[in-house]
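The values are calculated or read from the model by the stated rules, or taken from the named source; none is laboratory data. On a predicted model such as this, the values are computed, not experimentally measured, just so you know. Note: ideal-geometry Cβ built from the backbone for every residue, glycine included; neighbour counts use all protein chains shown. The area values use the complete protein model at the heavy-atom level, side chains included, leaving out ligands, DNA and RNA. Shrake-Rupley method; radii C 1.70, N 1.55, O 1.52, S 1.80 Å.
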Amino acid sequence: MRMKLVIILTHLLLLVSGVVFSQQKEIDLTEVNNDPQREEVQRYFGYESLLYRYLTQPYDISINVNQQGDFVDVGFLYLMFIPLLLLVLAGRRRLLFLGLFFAIVSIWIISTSNSFVFSPTEKVKIETDAQLEKYLQRTDAVDEPTSRLTAHIYSVSSKLYRPYEKLGSLISGNKDGVTYTILFLAFILISILLTRLLVPEKLEYRLFLVFTFLYSFYWLLFGGGIIWYCYIMFPVSMIAIFLLLKLVRKKSLTLGKIYKGLFYSFGAIWIMIAIVARLSSIQPQLTEDQLGKGMFYQAFYEYGTGKASRIETLEAIYPNLTKALARINSDEESIIYKVGTSFNYFIKNNHNRIYQDHQLGTFYWLLRSFEDKNEIAEVLKASNIKYLILDLNTPLIDNTPDEALKQKYRSLRRYINKNPTFKLLATDNVVKTLGAGNEYKYTYNTIGDTYYAGRYAIYEIL
């Protein structure tokens, strides 16, 4: 059915394309780089020059540079101990030690200079030199010692980054012909390093550490910064840290005890922080009166204990949703155009009925191809698309420097808001309007001054 849908859309585009460009322009459309793959995948990978996108991945996934949230938080233990233990193993082999030290410092400079400083009192990320300098000059930020210390460190690395920045702009960019050559050269050099470090060790140790490195390299090359493509890498790398500690202890009993103690200490700190963070569910954007309330979701508890029905639970989580779902499920032959949300589960025959356009690539193509808003509605209806499900938080996943997805979303909203063909069936977005007697009215709608930001909107195409 999905292939049939695509064929119908293509046919209609070809059929009326000659008429379209002669029509009067009705849609205020912003020209953007419409590349859904770039918007979806690259937000995990970063937007530096191509070479540095790869080199910064170990730091980025450890510090959550490109994506922030519990689902991408792997902790700092890997980044802290693997390079450190390799340096200790290199020991007095001067050339080996200096080469490894230079590589680690270079990666640190490149990574931190393409990262950002988080401050709870700043509305935007602190990432440019000007923003760093302005933040460090603030006298009212003395109560943010961690952020200020990080800002000082990043300020130093930013100055050291200048020759690396020139080199990166000279040999690389969005596309280049040297990145993979450099990465494979680094692979060979690190392989030689491991060979030199592990010669006297047991075969099973060597094989395991080589497997860990090989798997990590392949993820770095092909994973696009998406950590769930390499879940096995994290337990394997943790075991590798224990093996490296054992090798350090074999080399020096004193050093072995010191680094083992450090590892267990920082490991305990990380576990405590992780447990508190997950149980409390505290997020940076929460206000003081909301702190700690996310650790207990009343609706789930009541549903699990049988106090609330399925419909009551859905209404508690997504107000107004159940009636719209009933309307959609009563018409099992229609197609649903879906932009984000996790509503597939609640829709009958969803594997055949849902056309997904999370990055609005198709809809923007329609807006570009049909400048008459009525024409687009006719195309959708002719393709048996009767409903539109829209994630109102779609712009929040946009990390592109040119804000391409945000601009496409704004174009879509301008089209929908001014189009009587799209009838709002349900939303949890609350708007504030001034009614009679200068009293404010609060209603569920997507047009007007937002009082409570909702998460979804469902439209019927008339």
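Within the stretch 306-314, does at least one residue satisfy the condition of being of a type in the set (Ser, Thr, Tyr) and exposed (fewer than 13 other Cβ atoms within 10 Å of the Cβ)? Spell out the reasoning first.
Within the stretch 306-314, the subset of a type in the set (Ser, Thr, Tyr) is 309, 313.
Now drop any that are not exposed (fewer than 13 other Cβ atoms within 10 Å of the Cβ), which leaves 309.
Checking the stretch 306-314: at least one residue is of a type in the set (Ser, Thr, Tyr) and exposed (fewer than 13 other Cβ atoms within 10 Å of the Cβ).
Just to verify a result, which residue in the stretch 383-421, among those that are open to solvent by 40 Å² or more (accessible area, probe 1.4 Å) and in contact with a helix residue (DSSP H, G or I) (Cβ under 6 Å, 6 or more places away or on another chain), is modelled with the lowest pLDDT? Per the criteria, the residue is Asn399. One residue alone among Tyr456, Tyr442 is among the hydroxyl-bearing types (Ser, Thr, Tyr), closer than 25 Å to Pro319 by Cβ and touching a Leu at 6+ places or on another chain (Cβ under 9 Å), and that residue is Tyr456.
Are any residues in the stretch 166-185 of a type in the set (A, V, I, L, M, F, W, C) and either in a loop (DSSP other than H, G, I, E, B) or open to solvent by 70 Å² or more (accessible area, probe 1.4 Å) (or both), and if so, which ones?
Leu167, Leu170, Val178, Phe184, Leu185
The single condition among (1) crowded, with 19+ Cβ neighbours inside 10 Å; (2) closer than 25 Å to Thr287 by Cα; (3) hydroxyl-bearing (Ser, Thr, Tyr) that Thr121 does not meet is (1). Contact annotation: residue pairs with Cβ atoms under 6 Å, 6 or more positions apart or on different chains, pairing a residue in the stretch 415-426 that is closer than 19 Å to Asn320 by Cα with a partner that is open to solvent by 10 Å² or more (accessible area, probe 1.4 Å), are Lys423/Glu460; Lys423/Leu462; Leu425/Glu460; Ala426/Asn320.
If the condition is being under 25 Å from Ala268 (Cβ atoms), touching a helix residue (DSSP H, G or I) at 6+ places or on another chain (Cβ under 7 Å) and of a type outside the set (Ser, Thr, Tyr), then the stretch 61-79 contributes Ile61, Asn64, Asp70, Val72, Val74, Gly75, Phe76, Leu77, Leu79. The condition (being among the small types (Gly, Ala, Ser), in contact with a helix residue (DSSP H, G or I) (Cβ under 9 Å, 6 or more places away or on another chain), closer than 22 Å to Asp391 by Cα and surrounded by fewer than 17 Cβ atoms within 10 Å (Cβ to Cβ)) is satisfied by just one residue among Ala326, Ala299: Ala299. Set side by side, the residues Ser342, Ser411 differ, and just one is within 27 Å of the chain's Cα centre (by Cα), within 30 Å of Glu127 (Cβ to Cβ) and among the polar types (S, T, N, Q), which is Ser411.
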